[in-house]
Amino acid sequence: MSKKMIFFDIDGTLYDENKQLPASTRDAIQRLRSKGHEIAISTGRAPYLFDDLREELDIHTFISFNGQFVKYNGNAIYQNTIPTAKLQSLQFFAAEKEHPIVFMGSNAMKANIEFHHDIHDSITTLGVEHPEFDATFAEQNNIYQALLFAREDEEDRYVDQMQDLRFVRWHPYSLDVIPPGGSKANGIKNLIAEAGIALENCYAFGDNYNDVEMLQYVPNSVAMGNAPDEVKSYARHITADVGNDGIARGLEKVGLL
């Protein structure tokens, strides 16, 4: 079998609902590596929010911020930031509606408010504490992604008003905000060009709406059993829930194990 590159989302894909890595998933990834395949993470998280996972799995290739910051074998090969003017427009529009924002830079993320329950209630589901307040963080740092805290019935206002940004919901209280054209698929496109791996030799596992473009782009795509039905519709294959050996079963289904 020729060498393959397999991309894994984190939350709901590698991690179960308790933010734990199932033993069957850890074993499956070790087996993939023993066969000579390349393993990559493809996530909406910032790199500093999955250091432990990368160390545990010995993974040095990843797509983060939903495709905006990419490393191949530990070397940064692609970066795509949100222009400061667009961040200012977003912040002004959100302030009118009293919606807080978390700005995500290369080494840290900061909130534009000292505390907000929606930030706390959503971001703690990732096992992350409420970010510190920094009023000027977005002005003084490169920002790859923002988290906007607005409910689902308020989402259309942003999509209609700010068409030069992408909004992708990841929680009932929050949306990822990324540059126009940004996606995990775009990150994969840049990564495999650097790695010299053909698209037909790529596989991708995901479970949420920020995985849709990735599942569409990668021909050997697998949606987790715990994914929403709409997300499943974009994948070529469907496996079991993450907590029910979904990764191992999916890899067996596509013939990699």
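Determine, yes or no, whether Asn190 is farther than 27 Å from Gln88 by Cβ and surrounded by fewer than 20 Cβ atoms within 10 Å (Cβ to Cβ).
yes
Scan region 109-117 and tell me whether some residue there is of a type in the set (S, T, N, Q) and open to solvent by 50 Å² or more (accessible area, probe 1.4 Å).
No, that holds for no residue.
In region 208-257, which residues are surrounded by fewer than 21 Cβ atoms within 10 Å (Cβ to Cβ), in a helix (DSSP H, G or I) and of a type in the set (S, T, N, Q)?
Gln216, Asn244
Using beta carbons and a limit of 9 Å, which pairs, at least six apart or on different chains, have the first residue in region 238-257 and within 17 Å of Phe7 (Cβ to Cβ) and the second one modelled with pLDDT under 95 and open to solvent by 30 Å² or more (accessible area, probe 1.4 Å)?
Hits for this filter: Val242/Glu17; Gly255/Met1; Leu256/Met1.
Out of all the residues in region 32-53, which are over 16 Å from Ile6 (Cβ atoms) and of a type outside the set (Lys, Arg)?
Taking region 32-53 as the starting set, the residues that turn out to be over 16 Å from Ile6 (Cβ atoms) are 44-52.
Passing the criteria: Gly44, Ala46, Pro47, Tyr48, Leu49, Phe50, Asp51, Asp52.
The values are calculated or read from the model by the stated rules, or taken from the named source; none is laboratory data. Model, not experiment: these values are computed from the prediction. As a convention, Cβ positions derive from the backbone with ideal geometry for all residues, glycine included, and neighbour counts pool all protein chains shown. When the accessible area is computed, the model is the full protein with side chains, heavy atoms only, and any ligands, DNA or RNA have been set aside. Shrake-Rupley method; radii C 1.70, N 1.55, O 1.52, S 1.80 Å.
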